[in-house]
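Report on the structure given below.
The values are calculated or read from the model by the stated rules, or taken from the named source; none is laboratory data. Just so it is clear, the structure is predicted and the values come from calculations on it, not from any experiment. Counting neighbours? That spans all protein chains shown, and the Cβs are built from the backbone with ideal geometry, glycine included.
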Amino acid sequence: MLSPRVRYTWVHSTFSNALSSLNAKYGDFMDAYNPDTAIGANAWLALDETQRIDLVEAYHRPIERGMDDDALKMHSLLHVIVENQLAEGLELIEQTVARLGRQGLSRHESVHAVAAYERSLALH
């Protein structure tokens, strides 16, 4: 029997993947976020910034239990920045995420890498 954590992770992942597939196909709704699945640009951009942050936080909260609220908010904001750039079709960001994926990073890890680089630029 699967532990509650494994079962929750599997159900959450399966549900999120299904919703992300629908979003990519139809692009007219978004009520879940999965950083390992490309988002529908129209659905993402139709949300206001607060809704985007809330979706990213909702994804991360169960898996980042040790993260305090401020750190989770910052983490979510960085995700939103990169997802906004992808949804807006910024070619350099799209190419970078694709290249990192070809090099073996998951989409989620690629979003983190881009966010970390952009954050380092902002701090220097």
Legend entry - Subset of segment 41-79 [over 16 Å from residue 111 (Cβ atoms) and either among the β-branched types (Val, Ile, Thr) or crowded, with 18+ Cβ neighbours inside 10 Å (or both)]: 43, 47, 50
Inset, instruction - For residue 24, indicate whether it is among the aliphatic types (A, V, I, L, M) and either touching a His at 6+ places or on another chain (Cβ under 7 Å) or at pLDDT 90 or above (or both). - result: no
Inset, instruction - Please report, ordered by residue number, the helices (runs of 4 or more DSSP H) entirely within segment 49-124 with at least 3 residues that are closer than 13 Å to residue 34 by Cα and in contact with a Leu (Cβ under 9 Å, 6 or more places away or on another chain). - result: 49-60, 107-123
Legend entry - Residues of segment 103-123 that turn out to be surrounded by 15 or more Cβ atoms within 10 Å (Cβ to Cβ) and aromatic (Phe, Trp, Tyr), as a count: 0
